[in-house]
Amino acid sequence: MVSSHKLFKELLQEEEKKILMEQMRKSSDVINLSSKPLPSFYDIPASASVNISQLEQQLILSLDARHIRQILIELHGMAERPFWMVNTKWEVPVDYVNVILAIKDKLTRDLVYILLAKGLHCINITDFVHACQLFTACLELVTEFSPKLRQVMLNELLLMEVRAHEEGTAKGRIVRPPPDLVSRVRGYLEMRIHDLPLRQTVGEECVVFMLNWRENEYLTLQVPQSLVNNNPYIKLGHLIASTCKELPGPKESRRTAKELWEVVVQICSFSSQHKRTSDSRVSLLKQRESSLGILPRSKFITFVKKIREPLVLTTLISLFVRLHSIVRDDIVNEVTAEHISIWPSSLTNLQSVDVDAVVITLKELVNYALSLNPNNQSWLCTQADIYFVTNQYSTAMHYYLQAGTVCSDFFTKPVPPDVYTDQVLKRMIKCCSLLNCHTQVAVLCQFLREVDYMTAFKALQEQNSHDSMDSFYDYIWDVTILEYLTYIHHKRGESDKRQVAIKAIGRNELNSSNPEEVMQLAAQKRKKRFLQAMAKLYF
């Protein structure tokens, strides 16, 4: 650089140049002022550490089993260290870690760990094609030297197929699983191999799979009793399947229903411990996560939220509704559900039940069920009741109206009387009353089997109403209520509103001389229009 500089050439004589160059050579052995041109920066060969970094990056990104093996061979030729630790996001279940790390050959150990970790990641992101390829390659590899790892990979492949099928079903591709898959699931549930690491989630999802595809006969009668006793998920599946199988006959199903009831009550119970305080008194400590039940409540909820079968969800909702009613002990504000009569009506150990756990679980269960099918009338009524008993009246009205909507094509047909029972209608009346929508109360009083004139008249006397009052008069078909309206408005000097009431009462179809069919038709027409108006208001 110095010798080629412009100033060096122009300012120095030849002799001076030689002296300076000589001094520079002597002062530094590092600087090599050879006559050869210096190489470009990009032409400098990469060091070993750069090559390793590039290969590790390829290892992280690759989903091809052959490519992963080739990269690992190259890496092991360059450095002696565990390459399964390259990416902290490569996670293998704790149950398998010791078995894999016990593999003596370092290359094989890295390859098995990485293939399994990448396959599990692919399942989590629903990339089942790559997951299958990675697991299959891993299975071929471990078959050569480890029967234990071979079975582990067969189990993981089964779980992958179960999840792939369930994922397809969740997206609307409802196809019954092939007999081979059902047979392999049964085989897994019955498997008894000594000293084999088993992931509980595989057993859990196999039981859920059988429940979702109504394999109740197998879970009830054919699954070995030893498995029912030893595996909490199989026990739950067995009891749920037995209870569902015997529905809707309440008398016959009460024995198995009682067993399921007792298991769930224990899951929602405190584990109690006695502790002596400083003043020598014994106090009772309660722990939220019960050790009494076959599962902690959190794991029970995770299990239930994998179930899709409506009858199973309805049965579990029914159980929690009954339990909720018992622990709250409020007869007036009870939540309703189907098949509630099959459950016991009392609890011997009421003090040990965690009320908050019951309430939270019921809410989570109903929300989950409605996320699968938002048009299930029974679940909508239960959800409405939950909001009603927790004083959330506007939301309760939303769900009561939605329950009517789904079974009447948005009120174009009459709502079945088993949906809008007198109890449901009285709750809707109470909701409207507490929301200060008093004219809506009066209209709804007509829907009852026997018109509740006392409540209707009391509501119409209220002057502080938050609804649109006289705009609802067209929906009243009961002449007695309309006559009372004209009297109230005359008494208050409200002539405009009195005229609206008189106009409503003067409709031809409300003439008391009309045949019964005409009167019924007039009532149905007004019911439909009123409920549609309410739906627009509360939806």
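Modelled spin labels at Val129 and Asn349, positioned 7 Å past Cα toward Cβ, are 5.3 nm from each other.
Helices meeting the span-like rule in the chain (full DSSP H runs, Cα extent of at least 24 Å along the helix axis, mean Kyte-Doolittle score of -1.0 or higher): 106-124, 147-170, 250-267, 310-328, 355-372, 516-538.
A simple spin-label model places the labels of Gln54 and Val518 9.5 nm from each other, with each point 7 Å out along Cα-to-Cβ. Here Lys6 is the anchor, and the lysines within straight C-alpha reach of less than 18 Å, apart from those fewer than 8 places off in the same chain, are Lys17, Lys18. Estimated purely from DSSP H runs of n ≥ 4, each contributing -39500 (n - 2.57), the mean residue ellipticity at 222 nm for the chain is -19500 deg cm²/dmol once divided by its residues. Taking 0.36 nm per residue of separation and subtracting the Cα-Cα distance, full extension of the segment from Leu372 to Asp409 would add 11.3 nm. Based on Cα contacts under 8 Å between residues 6+ apart, segment 152-225 shows a relative contact order of 41 percent. Unpaired cysteine residues in the chain (no second Cys Cβ under 4.7 Å): Cys122, Cys132, Cys138, Cys206, Cys244, Cys268, Cys381, Cys407, Cys431, Cys445. Checking the Cα-Cα distances for Lys426/Lys497; Lys245/Lys527; Lys306/Lys527; Lys363/Lys430; Lys491/Lys536; Lys497/Lys525 against a 30 Å cut-off, the pairs over it are Lys245/Lys527; Lys306/Lys527; Lys491/Lys536.
Compute the relative contact order of the chain as a whole-number percentage, counting only Cα pairs closer than 8 Å that sit 6 or more residues apart in sequence.
About 6 percent, as a whole number.
Taking 0.36 nm per residue of separation and subtracting the Cα-Cα distance, full extension of the segment from Ile294 to Met454 would add 52.3 nm. To the nearest 0.05, how large is the calculated FRET efficiency for Thr395 and Lys171 if R₀ is 22 Å and r is the Cβ-Cβ distance? Efficiency at R0 = 22 Å is approximately 0.15. Note on segment 469-486 and segment 397-434: Cα centroid distance 20 Å, given to the nearest whole angstrom.
One entry in (1) 28.5; (2) 24.4; (3) 30.2 is Kirkwood radius over Cα pairs in Å calculated from the shown coordinates; its label is (3). Extension gain for Asn230-Asp474 works out to 81.3 nm (0.36 nm per residue, less the C-alpha to C-alpha distance).
Can you pull the percent of the chain's accessible area that's carbon plus sulfur, 1.4 Å probe, other chains left in place? The C+S portion of the solvent-accessible surface of the chain is 52 percent.
Summarising the amide proton neighbourhood of Ser269: residues at separation of 5 or more, or on other chains, whose placed amide H is nearer than 5 Å comprise Asp354.
Each Lys and Arg adds +1 at its Cβ and each Asp and Glu adds -1 at its Cβ; summed about the Cα centre, the chain shows a dipole of about 420 debye.
The values are calculated or read from the model by the stated rules, or taken from the named source; none is laboratory data. Model, not experiment: these values are computed from the prediction. Backbone-built Cβ (ideal geometry, glycine too); neighbour counts: all protein chains shown. When the accessible area is computed, the model is the full protein with side chains, heavy atoms only, and any ligands, DNA or RNA have been set aside. Shrake-Rupley method; radii C 1.70, N 1.55, O 1.52, S 1.80 Å.
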